[in-house]
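Chemist: Take this structure first; my questions come after.
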Amino acid sequence: MSTVLTLRRLSTRLLTVAVLITLAGFYGAYGIAARLSLGVQVVSHIVLMLGPGVGKLGYVLRLAADDQARRLRGSSQAEPVRPISSL
């Protein structure tokens with residue numbers, strides 16, 4: 001169970017960092033762009049693209065932790081995936 005808690009904490013941190021990275025990138029790329037050099041603006045735009053990627057990693061980690069917790073409890077609430085029948 002401690003692995004699940006560790007994964008949940010890590011995913012929460014990653015999601016928080018993703019929001020902060022995205023906001024910082026947005027602020028640098030659009031908020032104060034007139035006062036920044038071209039190089040810093042380019043870095044801000046790159047950071048703006050990295051934020052959602054970190055958020056996706058955090059979300060997938062959260063889903064993995066939830067799945068592991070569900071398996072440890074032994075109660076699978078989701079139905080098994082059935083193959084698509086031909087029409």
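Chemist: Report ³J(HN,Hα) in whole Hz for each residue of region 57-69, in order, from the Karplus equation J = 6.51 cos²θ - 1.76 cosθ + 1.60 where θ = phi - 60°; Gly and Pro get x.
Modeler: 4, x, 5, 5, 5, 5, 5, 5, 5, 5, 5, 5, 5
Chemist: Moving to a separate point now. Considering the Cα positions of region 2-73, please state its Rg to one decimal place and its Dmax as a whole number of Å.
Modeler: Gyration radius and largest Cα-Cα distance of region 2-73: 16.1, 55 Å.
Chemist: A further question follows. Give the relative contact order (percent, whole number) for region 2-73; include only Cα pairs under 8 Å separated by 6+ residues. Intermediate values should be presented prior to the final figure.
Modeler: Numbers: 74 pairs, mean separation 34.6, N = 72.
About 48 percent, as a whole number.
Chemist: Here is a further query. If I stretch the segment between Ile46 and Ala33 completely, what's the gain in nm (0.36 nm per residue apart, minus their alpha carbon distance), one decimal? Before the final figure, lay out each step's value.
Modeler: Working: separation 13, 0.36 × 13 = 4.68 nm, distance 1.37 nm.
That works out to 3.3 nm of additional length.
Every number in this text was worked out from the coordinates using simple rules, so none of it is lab data. Only a predicted model underlies this, so the values are computations on that prediction, with no experimental measurement involved.
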